[in-house]
Amino acid sequence: MPPRTSIGEFEQMVLLSTLRLGSGAFAPDVGRLLEEVTGRRVSRGALYATLERLETKGLLRWTLHGATPERGGHRRRRFEVTPDGVETLRAARSALTALWQGLEVLGEP
Amino acid sequence: VTPPGPPRLVARLLAACLPGGEVGECVAGDLREEHAALLDVWGRRIADRWYRRAALSAGLWGIGSRLRAASRAARWPGGTGMGSIGQDVHLALRSLRKQPGFATIVVLTLAVAIGVNTVIFTFVNLFVLRPLPFERIDTLVYLFSSHPERANERVHVSYADYLEWKRDSRTLSEISAFSRRTANLTGLGEPIRVQGAPASASFFRVSGLEAVEGRLFRDDEDRPGGEPVAVLAHGFWERQLGGSAEVAGREIVLDGVVHTVVGVLTPEIELGNLSEIDVWLPLAQLGDSEDRALRNLRVIARLAPGQGLEQASAEMATIAERQERDHPDASAGWGIQVLPLRTALIGRGAYLMLAMLGIAVGFVVAIACANVANLMLARATVRERETALRVALGAGRIRIVRQLLTEGALLSLVGGGLGLLLAEAGLRVIAATTFEPFYDDLRIDHRVLAFSAGLSLLAPVIFDLAPALQATRRDLATALKEGGGRSAVGARGGRGRRGLVVMQLALALTLLIVAGLSARTAIYIQNLDPGFDSRDVVTLRIDLPETRYPTPERVRRFYEGLIEELTRSPQVRGAALATRLPSLESPETRSLAVEGIVPDERVQPWAGENRVGPAFFDTLRLPIVQGRSLRETDTAAAEPVVVVSEGLADRYLAGRDPLGARIKLGGASSDDPWRTIVGVAADTVNSNLADPPVPTAYVPFDQSPARAVVVLAKSGDASAVARIARARVAVLDPSQPIYDVSTIEQIVYRDTDGTRVITSLFGLFAVVAVSLAAIGLYGVISYAVSRRTQEIGVRIALGARSSEVLSMVVAQGAKLIGLGLALGLLGGYTLARIMSSQLFGVSPNDPLTYACVTISLLVAALAATVLPARRASRVDPIEALRVE
């Protein structure tokens with residue numbers, strides 16, 4: 001089935017980090033994982049904007065969890081990739097893979 | 001102690017930006033959690049910096065997210081189906097992201113403007129707007145004694161006058177008074193010095209203040225011989241007694257007298273220097289003085305129903321006239337001034353300075369807005385074709401104006417947020433570099449926040465609406481035909497921009513002049529020669545309680561022992577007693593009788609009395625210009641003598657040899673003895689710089705001992721002096737505290753707090769103004785250069801030398817600079833005249849100051865012109881002609 005939504009690179013990275021973190025996918029953890037992997041600072045504004053956008057597209061959803069004292073009594077959201085999200089990621093990867101066909105030599109260091 | 005958690009103001013701003021509900025709550029929590037994690041590992045500085053950056057970006061996202069949500073809920077007027085606010089924001093963000101330099105400059109300019117505005121507004125807020133804790137404040141008045149010779153002062157009121165006014169006034173429903181005195185508190189550990197305030201029982205009724213524990217004074221306690229009771233200030237109660245609930249009925253010992261605590265006063269009164277007060281005491285038990293010349297009461301009254309300020313002033317004038325007749329000795333020439341309480345608490349100088357600061361800030365904001373408007377105008381011209389295209393494709397005019405306004409609003413909201421942070425930092429600096437507790441009260445409260453928010457929202461309308469409207473009014477065909485940015489609008493806008501730059505330069509120079517003059521004043525005050533040598537003089541204060549030192553003999557013995565001990569010490573090069581610090585404290589004024597002179601009805605001679613030890617003049621190196629100094633032999637048993645200041649001799653003994661003349665303090669009928677003048681000392685500067693030196697009578701301490709003294713010791717080591725004095729006092733009287741140990745230089749530094757803050761603010765504003773004006777000039781010239789690139793290319797191709805191009809462009813700038821400077825000199829001169837009463841040691845038209853600041857602005861302005869001019873002179877003709 002062709003994907004209904006197309007997603008950008010950062011959106012893909014956010015979705016993948018969320019999948020990777022599984023039950024520990026809270027926003028700060030997603031941010032930190034992205035920073036570790038890319039070696040660059042991730043603007044929190046961009047992160048929340050992307051999370052919001054992915055949610056609007058129906059690729060991501062969240063559930064509320066309890067507060068801790070270091071959060072100043074605020075609750076937190078755990079993110080989860082929806083089946084549509086997983087589907088979209090797959091489609092994006094296969095599109096990329098198809099385009100990479102025969103060009104692997106460029107990808108080598 | 002810094003609180004845990006992120007910077008509070010930032011957190012609050014973030015919370016205001018984030019969407020409501022669970023999402024906003026979670027994001028705020030996320031950032032807090034990350035801050036806490038960073039705090040553990042990297043410490044506060046790094047964690048805070050991270051938080052500020054994250055909050056800024058998350059906050060921007062939050063604003064966008066809220067606007068998108070709002071636009072989903074309601075359609076924005078003037079748009080077609082696609083015209084939602086969210087889309088406007090989206091477009092605006094995209095367009096700004098394309099020009100990060102432009103956006104940064106605009107945001108920073110606005111941040112500076114809003115930041116300085118917020119700082120000044122906190123001053124206004126504190127002085128003028130903050131509600132004072134008094135009931136129906138518009139019916140409260142402050143009563144002062146006034147004297148034509150002391151026109152710059154509001155003199156307090158004597159106890160006897162207060163009683164008479166209380167008895168006779170009909171326009172005032174109730175009169176109350178309080179005063180200040182210190183007392184030794186014993187019985188709570190170490191003996192300490194507390195600030196007492198004797199107050200009439202009516203004071204609490206007039207002011208409407210209430211007790212938070214127990215009760216306040218009853219009328220039967222506020223009379224001579226009443227029960228010794230005390231009301232504690234809230235702060236003192238918390239500090240000294242841990243805020244314990246069973247305070248009523250406790251006993252405290254003040255100056256050796258047991259007082260029963262009856263209650264605790266509300267903390268609302270703890271404003272400004274009223275917050276120094278520890279204990280309130282019944283006035284009538286202490287205010288026993290019959291001396292009408294001893295004016296030390298603050299008198300506050302409430303107007304009777306139906307009575308106004310004018311009626312009260314008229315009535316008090318009648319009372320003052322009668323008092324002049326009844327007590328010619330003490331009351332001749334004295335009037336009564338009635339002021340609204342709010343006005344009285346602020347003071348005339350403060351109003352003037354606030355007004356000046358307000359004007360200065362207005363200038364900075366005008367310059368900043370002109371810069372932003374300039375940038376916007378330039379951008380509007382560049383975007384003319386884009387706009388015309390959109391109009392041609394069917395975009396409504398409102399739609400386009402809205403789009404531009406959204407961009408402006410975004411920029412100014414970010415600028416406003418940054419400005420608030422800047423203001424907060426500025427206030428911290430002010431609080432950290434000043435001593436007066438007053439400056440700690442400068443805070444960003446809801447009123448200040450509302451002001452800054454309003455300013456941020458208003459700014460884009462001011463600087464954005466005109467260019468936005470202009471952009472849509474254009475004739476489409478012309479705009480589309482022409483090359484971008486060389487149209488009729490460009491030329492019109494160019495004139496407007498040049499006008500703005502002239503205004504900016506003029507305002508900047510005006511500010512520079514004012515700042516320069518206040519800096520000169522501050523330097524003058526700092527280096528002022530007080531008339532004596534204030535270096536290495538350590539002062540400390542002792543106040544012996546009357547209860548344990550009832551006789552002059554015991555007072556004398558105590559101080560004799562102390563001074564001997566200090567003088568003996570190798571670290572001290574001279575020690576003396578005085579009742580007043582010359583120049584730094586207002587004198588204890590007394591009426592004066594001069595033998596052989598019948599006083600004029602209207603002009604009652606007066607003098608400041610200072611009772612000093614024999615070493616006083618030597619310790620302060622205060623020169624004796626005639627006759628002799630005071631000596632050890634001027635004891636109580638010897639002939640009463642006095643040394644007077646030159647000012648006193650000139651004023652009351654003109655044309656006579658002062659030596660041998662006799663004067664009497666307190667007026668002809670007082671109990672004081674006639675004293676023979678044995679010497680004349682040089683004048684010392686008046687603590688109120690606008691007034692001439694106080695005519696002073698230096699009375700030998702031994703002949704008129706005082707319990708409260710200031711000890712002066714010439715020594716480079718303040719702590720050694722304090723140690724020696726403490727050790728000696730502990731031997732003489734272990735229950736006696738000494739207090740206020742400091743050097744004269746420290747006292748001067750503290751006293752000049754206000755001048756320093758004002759001067760630094762003016763200086764800061766001037767620097768900001770000059771930088772902004774230079775940026776504005778740079779922008780206009782380089783814009784003009786970029787528009788003329790082709791023309792310049794042609795000129796160079798035809799053989800113009802680069803130096804000719806350079807001077808052509810510089811000449812263009814020089815015209816603007818010349819006009820701006822001329823207007824600025826005029827503006828500066830006008831403002832300086834207005835503030836001349838606040839200038840000391842420098843005339844309002846001081847040529848050196850004018851020359852220096854004009855030259856420095858000229859240099860900055862020329863630099864801003866030469867940079868783009870050099871770029872013009874290096875234009876490559878081939879490149880330039882290829883542009884189109």
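The values are calculated or read from the model by the stated rules, or taken from the named source; none is laboratory data. Just so it is clear, the model here is predicted, and its values are computed rather than measured. Note: ideal-geometry Cβ built from the backbone for every residue, glycine included; neighbour counts use all protein chains shown.
Numbers at a glance
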quantity: From the options B:Phe144, B:Phe127, B:Phe121, residue that is part of a helix (DSSP H, G or I), among the aromatic types (Phe, Trp, Tyr) and at pLDDT 80 or above; calculated: B:Phe121
quantity: Residue among B:Arg728, B:Arg750 that is touching an Asp or Glu at 6+ places or on another chain (Cβ under 6 Å) and in a helix (DSSP H, G or I); calculated: B:Arg728
quantity: Among residues of segment B:817-857, those that are more than 16 Å from B:Ala519 (Cα to Cα) and in contact with a helix residue (DSSP H, G or I) (Cβ under 7 Å, 6 or more places away or on another chain), counted; calculated: 9
quantity: Segment A:15-45, subset among the hydroxyl-bearing types (Ser, Thr, Tyr) and more than 10 Å from chain B (Cβ to nearest Cβ), residue surrounded by the most Cβ atoms within 10 Å (Cβ to Cβ); calculated: A:Thr18
quantity: Odd one out for B:Ser873, checked against (1) touching a residue at least 60 places away in the same chain (Cβ under 8 Å); (2) of a type in the set (S, T, N, Q); (3) surrounded by fewer than 14 Cβ atoms within 10 Å (Cβ to Cβ); calculated: (3)
quantity: Identity of the residue in segment B:596-623, of a type in the set (D, E, K, R) and modelled with pLDDT under 85, that ends up nearest to the chain's Cα centre (by Cα); calculated: B:Arg602
quantity: Helices (runs of 4 or more DSSP H) lying entirely in segment B:299-346 (those with 2 or more residues that are surrounded by 16 or more Cβ atoms within 10 Å (Cβ to Cβ) and free of Cβ contacts under 8 Å to residues at least 40 places away in the same chain); calculated: B:309-326
quantity: Set B:Ser742, B:Ser760, B:Ser735: member being without any contact (Cβ under 8 Å) to a residue 60 or more places away in the chain, farther than 28 Å from B:Arg628 by Cα and either surrounded by 15 or more Cβ atoms within 10 Å (Cβ to Cβ) or of a type in the set (Gly, Ala, Ser) (or both); calculated: B:Ser760
quantity: Pairs, first in contact (Cβ under 8 Å) with a residue 60 or more places away in the chain in segment B:388-406, second surrounded by fewer than 17 Cβ atoms within 10 Å (Cβ to Cβ) and small (Gly, Ala, Ser), C-beta under 7 Å, six or more apart; calculated: B:Gly396/B:Gly78; B:Ile398/B:Gly78; B:Arg399/B:Gly78; B:Arg402/B:Gly78
quantity: Single residue of segment A:51-81 satisfying the filter (in a loop (DSSP other than H, G, I, E, B) and of a type outside the set (Gly, Ala, Ser)) that is farthest from the other protein chains (Cβ to nearest Cβ); calculated: A:Leu59
quantity: Number of positions in segment B:827-884 that are of a type in the set (Val, Ile, Thr) and more than 22 Å from B:Leu772 (Cα to Cα); calculated: 6
quantity: Residue match in segment B:75-82 (condition: modelled with pLDDT under 75, more than 14 Å from chain A (Cβ to nearest Cβ), assigned to a helix (DSSP H, G or I) and surrounded by fewer than 18 Cβ atoms within 10 Å (Cβ to Cβ)); calculated: no
quantity: Answer residue from segment A:82-101, given it is of a type in the set (S, T, N, Q) and more than 21 Å from B:Val23 (Cβ to Cβ) and is farthest from the other protein chains (Cβ to nearest Cβ) among those; calculated: A:Gln101
quantity: Enumeration of residues in segment B:5-47 that are in contact with an Asp or Glu (Cβ under 6 Å, 6 or more places away or on another chain) and at pLDDT 85 or above; calculated: B:Pro7, B:Glu33, B:Ala36
quantity: Residue match in segment B:829-850 (condition: assigned to a loop (DSSP other than H, G, I, E, B), of a type in the set (Phe, Trp, Tyr), in contact (Cβ under 8 Å) with a residue 40 or more places away in the chain and surrounded by fewer than 20 Cβ atoms within 10 Å (Cβ to Cβ)); calculated: yes
quantity: Residue within segment B:185-194 that is surrounded by 15 or more Cβ atoms within 10 Å (Cβ to Cβ) and at positive phi present; calculated: no
quantity: Enumeration of residues in segment B:630-669 that are more than 22 Å from B:Val598 (Cβ to Cβ) and in contact with a Leu (Cβ under 9 Å, 6 or more places away or on another chain); calculated: B:Val641, B:Val643
quantity: Flag if B:Glu646 is acidic (Asp, Glu), surrounded by fewer than 17 Cβ atoms within 10 Å (Cβ to Cβ) and closer than 29 Å to B:Gln526 by Cβ; calculated: no
quantity: Only one of A:Leu15, A:Leu47 that is outside any loop (DSSP other than H, G, I, E, B) and within 25 Å of B:Leu56 (Cβ to Cβ); calculated: A:Leu47
quantity: Unmet requirement for B:Glu33, which otherwise passes all of (1) in contact with a strand residue (DSSP E or B) (Cβ under 9 Å, 6 or more places away or on another chain); (2) more than 9 Å from chain A (Cβ to nearest Cβ); calculated: (2)
quantity: Selection count, segment B:626-643, where residues are exposed (fewer than 13 other Cβ atoms within 10 Å of the Cβ), aliphatic (A, V, I, L, M) and under 27 Å from B:Asp536 (Cβ atoms); calculated: 0
